[in-house]
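Single-structure report; data block below.
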Amino acid sequence: MRLDGKVAFVTGAGSGIGQRIAQRYAEAGAAVALADLNEAAAQATADALARQGARVLALGVDVTDEAGVDAAIAATANALGGLDILVSNAGIQIVAPVTEFDFADWKRLLAVHLDGAFLSTRAAMRQMIAQGRGGVILYMGSVHSKLASVLKAPYVTAKHGLEGLCRVVAKEGAEHGIRANVICPGFVRTPLVDKQIPEQSRALGISEEDVIRKVMLKDTVDGEFTTLDDVADVALFFASFKSNALTGQSLVASHGWFMQ
């Protein structure tokens, strides 16, 4: 699975899943723009990849800022020679019962996950269509694109919404050679998940060990977290796939937590 000659734009690339996907794409031969709200984190990862010979660009991007997203896609195309792959990965997590969820937090989470995905998609599709060489758009969903958990109303709502957006993009993009897919990981031990462990412990009145064992991993087949490499491998698979056979589809990588 190679990406030689391709240009990728990855949001949330300063850490966690986005960072590992950016690294994997660079290893596969792609030029990569690493976009993150934390520009210093994106730059540090880009510098490490550049030392390994990769063509990279680091960008400070708020995915909810329309002008900022448009400018970042344009800067990527100008600096790296176009755009072939978008990975809409940026996300946040806030946990609380529905009855206690602040409306401001609801709107903030949906803005990052859904508005960010829309703005990134629109800018990327415009660039891809203008180029006339097709492209791939990937969304970072979750097992919560398929099912629900307590304390996560806006997150579950957003992750379900990404599947709908993906399917529309698959249909509208087809005539331009643009494919779309959703990657649906189980729990990956990232800072986002680490933050949830004590939050869920307090909210559920159980120990942090029980949050991991009885909530996060209880339905996996092996009691293991999904790894960064698990998710990056799926992202590389979708980006390098050669036809429209899988467009509009989602793939769950969850160690058996959810099986379709």
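Answer yes or no: is there a residue in the stretch 36-49 that is surrounded by 19 or more Cβ atoms within 10 Å (Cβ to Cβ), without any contact (Cβ under 8 Å) to a residue 60 or more places away in the chain and in a strand (DSSP E or B).
yes
For the stretch 95-106, indicate whether the set of residues that are buried (at least 19 other Cβ atoms within 10 Å of the Cβ), closer than 30 Å to Asp233 by Cβ and in contact (Cβ under 8 Å) with a residue 60 or more places away in the chain is non-empty. Explain how you work it out, then say what you get.
At the first step, the residues of the stretch 95-106 found to be buried (at least 19 other Cβ atoms within 10 Å of the Cβ) are 95.
Adding the requirement that they be closer than 30 Å to Asp233 by Cβ leaves 95.
Keeping just the survivors that are in contact (Cβ under 8 Å) with a residue 60 or more places away in the chain gives 95.
Yes, the stretch 95-106 contains a residue that is buried (at least 19 other Cβ atoms within 10 Å of the Cβ), closer than 30 Å to Asp233 by Cβ and in contact (Cβ under 8 Å) with a residue 60 or more places away in the chain.
Condition check: of a type in the set (A, V, I, L, M), free of Cβ contacts under 8 Å to residues at least 24 places away in the same chain and surrounded by 18 or more Cβ atoms within 10 Å (Cβ to Cβ). Does Val211 satisfy that?
Numbers: of a type in the set (A, V, I, L, M): yes; free of Cβ contacts under 8 Å to residues at least 24 places away in the same chain: yes; surrounded by 18 or more Cβ atoms within 10 Å (Cβ to Cβ): yes.
Considered against the rule, which asks whether it is of a type in the set (A, V, I, L, M), free of Cβ contacts under 8 Å to residues at least 24 places away in the same chain and surrounded by 18 or more Cβ atoms within 10 Å (Cβ to Cβ), Val211 comes out as yes.
Might you check whether a residue that is in contact (Cβ under 8 Å) with a residue 60 or more places away in the chain, closer than 27 Å to Ala26 by Cβ and open to solvent by less than 30 Å² (accessible area, probe 1.4 Å) occurs anywhere in the stretch 221-234?
Yes, there is a match, as at least one residue in the stretch 221-234 is in contact (Cβ under 8 Å) with a residue 60 or more places away in the chain, closer than 27 Å to Ala26 by Cβ and open to solvent by less than 30 Å² (accessible area, probe 1.4 Å).
Whether any residue in the stretch 176-198 is free of Cβ contacts under 8 Å to residues at least 60 places away in the same chain and among the hydroxyl-bearing types (Ser, Thr, Tyr) is what I want to check.
Taking every residue of the stretch 176-198 in turn, none turns out to be free of Cβ contacts under 8 Å to residues at least 60 places away in the same chain and among the hydroxyl-bearing types (Ser, Thr, Tyr).
Quick one: Phe118 ticks every box in (1) open to solvent by less than 70 Å² (accessible area, probe 1.4 Å); (2) under 25 Å from Leu236 (Cβ atoms); (3) in contact (Cβ under 8 Å) with a residue 12 or more places away in the chain; (4) of a type outside the set (D, E, K, R) bar one, so which box is it?
(1)
Which members of the stretch 79-123 meet the condition of being within 20 Å of His160 (Cα to Cα), polar (S, T, N, Q) and either assigned to a loop (DSSP other than H, G, I, E, B) or more than 14 Å from the chain's Cα centre (by Cα) (or both)?
Answer for the stretch 79-123, where residues must be within 20 Å of His160 (Cα to Cα), polar (S, T, N, Q) and either assigned to a loop (DSSP other than H, G, I, E, B) or more than 14 Å from the chain's Cα centre (by Cα) (or both): Asn89, Gln93.
What is the number of the single condition among (1) free of Cβ contacts under 8 Å to residues at least 60 places away in the same chain; (2) not in a helix (DSSP H, G or I) that Ala8 does not meet?
(1)
Where residues in the stretch 155-208 are of a type in the set (D, E, K, R) and farther than 21 Å from Ala96 by Cα, which of them is surrounded by the fewest Cβ atoms within 10 Å (Cβ to Cβ)?
Step one: filter the stretch 155-208 for residues of a type in the set (D, E, K, R), giving 159, 163, 167, 171-172, 175, 179, 189, 194-195, 199, 202, 208.
Imposing the further condition that a residue be farther than 21 Å from Ala96 by Cα reduces the set to 163, 167, 171-172, 175, 179.
Numbers: Glu163: 17, Arg167: 16, Lys171: 12, Glu172: 14, Glu175: 8, Arg179: 25.
Across the stretch 155-208, the extreme among qualifying residues is Glu175.
For (1) out of contact with any strand residue (DSSP E or B) (no Cβ under 9 Å at 6 or more places or on another chain); (2) closer than 17 Å to Val252 by Cβ, each residue gets a yes or a no:
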{"position": "Gly134", "(1), (2)": "no, no"}
{"position": "Met140", "(1), (2)": "no, yes"}
{"position": "His144", "(1), (2)": "no, yes"}
{"position": "Val150", "(1), (2)": "yes, no"}
{"position": "Thr157", "(1), (2)": "yes, no"}
{"position": "Val169", "(1), (2)": "no, no"}
{"position": "Thr190", "(1), (2)": "yes, no"}
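In the stretch 20-29, which residues are in contact (Cβ under 8 Å) with a residue 60 or more places away in the chain and either assigned to a loop (DSSP other than H, G, I, E, B) or open to solvent by 30 Å² or more (accessible area, probe 1.4 Å) (or both)?
Arg20, Gln23, Arg24, Ala28 - these are the residues of the stretch 20-29 that are in contact (Cβ under 8 Å) with a residue 60 or more places away in the chain and either assigned to a loop (DSSP other than H, G, I, E, B) or open to solvent by 30 Å² or more (accessible area, probe 1.4 Å) (or both).
Hey, can you tell me all the residues within the stretch 58-74 that are of a type in the set (A, V, I, L, M), open to solvent by less than 40 Å² (accessible area, probe 1.4 Å) and free of Cβ contacts under 8 Å to residues at least 40 places away in the same chain? First the steps, then the outcome.
Step one: list which residues in the stretch 58-74 are of a type in the set (A, V, I, L, M), which gives 58-59, 61, 63, 67, 69, 71-74.
Restricting the remaining residues to those that are open to solvent by less than 40 Å² (accessible area, probe 1.4 Å) gives 58-59, 61, 63, 69, 72-73.
Within the stretch 58-74, Ala58, Leu59 meet the criteria.
(1) closer than 30 Å to Arg202 by Cα; (2) modelled with pLDDT of 95 or more; (3) not polar (S, T, N, Q): which one isn't true of Ile137, the others all being true?
(1)
Please determine whether any residue of the stretch 124-133 is crowded, with 22+ Cβ neighbours inside 10 Å, touching a residue at least 40 places away in the same chain (Cβ under 8 Å) and in a helix (DSSP H, G or I).
There is at least one residue in the stretch 124-133 that is crowded, with 22+ Cβ neighbours inside 10 Å, touching a residue at least 40 places away in the same chain (Cβ under 8 Å) and in a helix (DSSP H, G or I).
The values are calculated or read from the model by the stated rules, or taken from the named source; none is laboratory data. It should be emphasised that the depicted structure is a prediction, and the values quoted were computed from it without experimental measurement. All Cβ positions, glycine included, derive from the backbone under ideal geometry; neighbour counts span all protein chains shown. Calculation scope for accessible area: heavy atoms of the full protein, side chains included, ligands and nucleic acids excluded. Shrake-Rupley method; radii C 1.70, N 1.55, O 1.52, S 1.80 Å.
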